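Structure, as structure tokens:
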Amino acid sequence: MSSAPLSPDGPGRNRFEISKLDLFYGDFQALKSVEMSVRDRMITALIGPSGCGKSTLLRCLNRMNDLIHGTRIQGKVLLDGQDIYHASTDVTNLRKRVGMVFQRPNPFPLSLYNNVVYGLRVAGVHSRKELDEIVERSLRAAWLWDVVSDRLDHSALELPLDQQQRLCVARLLAVQPEVILMDEPCSALDPIATMKIEELMLELKKEYTIIIVTHNMQQAARVSDFTGYMLLGEMIEFGGTKDIFTRPSNKLTDDYITGKYG
Ligand SMILES: Nc1ncnc2c1ncn2[C@@H]1O[C@H](COP(=O)(O)OP(=O)(O)OP(=O)(O)O)[C@@H](O)[C@H]1O
Ligand SMILES: [Mg+2]
């Protein structure tokens, strides 16, 4: 956790500005007038009980919900002041800028090397020298290089789960995103592997803006600078992590963090 007192209204640049965001799956409203801002190179955590809309909100930030049939959205999601839902948005480029790591590691059934270079090849990078350099840089940044550098031709599926998750981070870093969305990235991992991913997140935030969904309140308290508490599709409270966990201003937040919810 950062030691400096932080508030969503304090200094620093906002990357995302989300206002009055509603999302419907058919007739069902999963997000209700959500307001949130996401600060550059900080970790923002979304917490709240199952089904409250955390993953839905995360998916709004790189338009992954577009892929779900029957979704409808109202309100604004600005990235660096630009409305990402505007008709002129290049969605492929948006998803490159705002990448995602999922709950279960999802490496492709390919070699480690080919996993990391996958997005680059799709983007037309074919120089072996360039790819080699990016593979090393990305695996180093994901703290995996020293572990796997001698077996880049092995299948990614042979790796233990936490290394698979770090490989997925490396695959993302290879295409140079600006924002990293993580939807419960540690939920399939044991406590030691979880700690490694948390350390990695703290390292990555020097260069990247990170938004993490987590069920683990200790994790949110340990790694994040800002926290949003959601309930039934609403953003009940959003603020500096220390404030949310030590002096929440909403009774509902207090009930949740003290375990009185439900
Ligand atoms: N594809 C979908 N179609 C219809 N309803 C959906 C869809 N995805 C999610 N929902 C509903 O939207 C609400 C929010 O779901 P979401 O997955 O965003 O919650 P969550 O906070 O991420 O939950 P969890 O902690 O269990 O992952 C839930 O009521 C869920 O049933
Ligand atoms: Mg979810």
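Please treat every number below as a calculation from the coordinates, not as lab data. Note that the structure is a prediction, hence the values are computed from the model and not measured. As a convention, Cβ positions derive from the backbone with ideal geometry for all residues, glycine included, and neighbour counts pool all protein chains shown.
Below, the figures for the structure above:
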read-out	value
Fully extended contour minus Cα-Cα distance, from Asp90 to Gln103, at 0.36 nm per residue	2.1 nm
For the chain, built as a Gaussian network whose Cα springs stay under 10 Å, the top-fluctuating residue of Thr214, Thr71, Thr246	Thr246
Amide hydrogen neighbours beyond the local backbone of Leu231, cut-off 5 Å, H modeled	Ile236
Degrees between helix 128-141 axis and first principal axis of the chain (Cα, 0 to 90, nearest 10)	40 degrees
Mean separation of Cα contacts under 8 Å (6+ apart) over length of the chain, as relative contact order %	28 percent
All lysines inside 17 Å of Lys20 as judged from Cα atoms, apart from same-chain residues fewer than 8 positions distant	Lys32, Lys54, Lys76
Acute angle (nearest 10 degrees) that the helix 161-174 long axis makes with the longest principal axis of the chain, alpha-carbon atoms	90 degrees
Residue among Leu61, Leu21, Leu173 with the largest mean-square fluctuation in a Gaussian network model of the chain, springs linking Cα atoms under 10 Å	Leu21
Cα gyration tensor category, rounded, prolate or oblate, for the range 49-95 with a/c compared to 1.5	prolate
Cα gyration tensor category, rounded, prolate or oblate, for the chain with a/c compared to 1.5	prolate
Residue-averaged 222 nm ellipticity for the chain, from DSSP H runs of 4+ at -39500 (n - 2.57), nearest 500	-10000 deg cm²/dmol
Magnitude of the charge dipole, the chain, Cβ model with Lys/Arg +1 and Asp/Glu -1, debye to 20	220 debye
Residue among Phe28, Phe108, Phe238 with the largest mean-square fluctuation in a Gaussian network model of the chain, springs linking Cα atoms under 10 Å	Phe28
Selected from Ile257, Val34, Ile73, residue furthest toward positive end of dipole (the chain; charges at beta carbon)	Ile73
For Val213, distant residues with modelled amide H under 5 Å away	Leu46, Met182, Asp183, Glu184
Gyration tensor (alpha-carbon) shape descriptor, the range 132-222, a/c threshold 1.5	oblate
